[in-house]
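Asks: The structure is given below, and queries will be raised subsequently.
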Amino acid sequence: MKEYRELAQEILEYCLRSMEYGLNFNTQGNISVRLPDNPDYFMITPTDLEYDKMGPADMVIVDSDCKVHWGVHEPSSEVTVHMATYKHRPDVNAIVHTEPIYTNAFGIAGQPITGSMVNMVIYTKGDVPIMPFHLSNSTEFGNLSAEVMGQKNAVVWANHGLLTVGPDLRTAFKTSVAVESAAKVLLMSKALTDKPDLLKYEELGIDHSL
């Protein structure tokens, strides 16, 4: 585990930051990262442990079949969802699941989070789709979540939360923050006009391979 201590510390720091930013409460949410020297293994947060009580040694290492290879805890109860996402998206090296308030409001309403803010549109590669409610602790849920997300970098689980992905943990987390910020602004803009001026990813003229 010594060789992965820095990675474990990084995951812990982003867990604590998710609480600081109001993206998670209690034991909600989870984070995983693909091991840089072994792409078939992943470090993930443990199940049912508060972030402010968590240390680097509490992280769990699993393989793509969810088998635990290191750790004193069980992995997150949504480990199967993470593994299904990695399977569908080999370009992804980090996953962040949070339960932010404004994002969840759109999930409950069944309305996608459309392009109110340019940073969200760039990070997510367009509007953030809503996946209908299902219980989340299964591979089937993970497969459906990945299908709804497609090649975008975020999906909202109705009545539950947000999942974002990225080539690294910093980018995946920045995407979570951008989605919640855009959701808040979009909700406020709808109080001012029924026709907010929204951005389309395809019309930004950026390199779509990013």
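Asks: When W157 is evaluated against the numbered criteria (1) closer than 14 Å to T103 by Cβ; (2) surrounded by fewer than 23 Cβ atoms within 10 Å (Cβ to Cβ), which criterion, by number, is the only one it fails?
Replies: All conditions pass for W157, except number (2).
Asks: Among the residues of the range 195-210, is any of a type in the set (V, I, T), modelled with pLDDT of 95 or more and either open to solvent by less than 30 Å² (accessible area, probe 1.4 Å) or over 20 Å from the mean Cα position of the chain (by Cα) (or both)?
Replies: Within the range 195-210 (the criterion being of a type in the set (V, I, T), modelled with pLDDT of 95 or more and either open to solvent by less than 30 Å² (accessible area, probe 1.4 Å) or over 20 Å from the mean Cα position of the chain (by Cα) (or both)), the answer is no, since none of the residues qualifies.
Asks: Where in the range 47-149 are there strands (runs of 3 or more DSSP E), lying wholly inside it, with at least 1 residues that are on the phi < 0 side of the Ramachandran plot and of a type in the set (F, W, Y)?
Replies: The strands (runs of 3 or more DSSP E) meeting that bar are 68-70.
Asks: In the range 11-40, which residues are open to solvent by less than 70 Å² (accessible area, probe 1.4 Å), more than 14 Å from the chain's Cα centre (by Cα) and under 18 Å from H73 (Cβ atoms)?
Replies: Across the range 11-40, the qualifying residues are L12, T27, L35.
Asks: Next question, about the same structure. So is D65 within 15 Å of K87 (Cα to Cα), open to solvent by 20 Å² or more (accessible area, probe 1.4 Å) and out of contact with any Ser or Thr (no Cβ under 7 Å at 6 or more places or on another chain) or not?
Replies: yes
Asks: Follow-up. Name the residues in the range 81-120 that are hydroxyl-bearing (S, T, Y) and within 14 Å of the chain's Cα centre (by Cα), would you?
Replies: The answer is T85, Y86, T98, T103.
Asks: Same structure again: Going through the range 133-147 one residue at a time, which ones are under 21 Å from A109 (Cα atoms) and surrounded by 14 or more Cβ atoms within 10 Å (Cβ to Cβ)?
Replies: H134, S136, F141, L144, S145, A146
Asks: Considering the range 26-46 alone, what residues qualify as being assigned to a loop (DSSP other than H, G, I, E, B), closer than 14 Å to A8 by Cβ and at pLDDT 95 or above?
Replies: T45 - this is the single residue of the range 26-46 that is assigned to a loop (DSSP other than H, G, I, E, B), closer than 14 Å to A8 by Cβ and at pLDDT 95 or above.
The values are calculated or read from the model by the stated rules, or taken from the named source; none is laboratory data. In this text the structure is predicted, and so the values were computed from the model without any measurement. For neighbour counting, all protein chains shown are included, and Cβ atoms are generated from backbone atoms with ideal geometry for every residue, glycine included. Heads up: the accessible areas ignore ligands, DNA and RNA and are worked out on the full protein's heavy atoms, side chains in. Shrake-Rupley method; radii C 1.70, N 1.55, O 1.52, S 1.80 Å.
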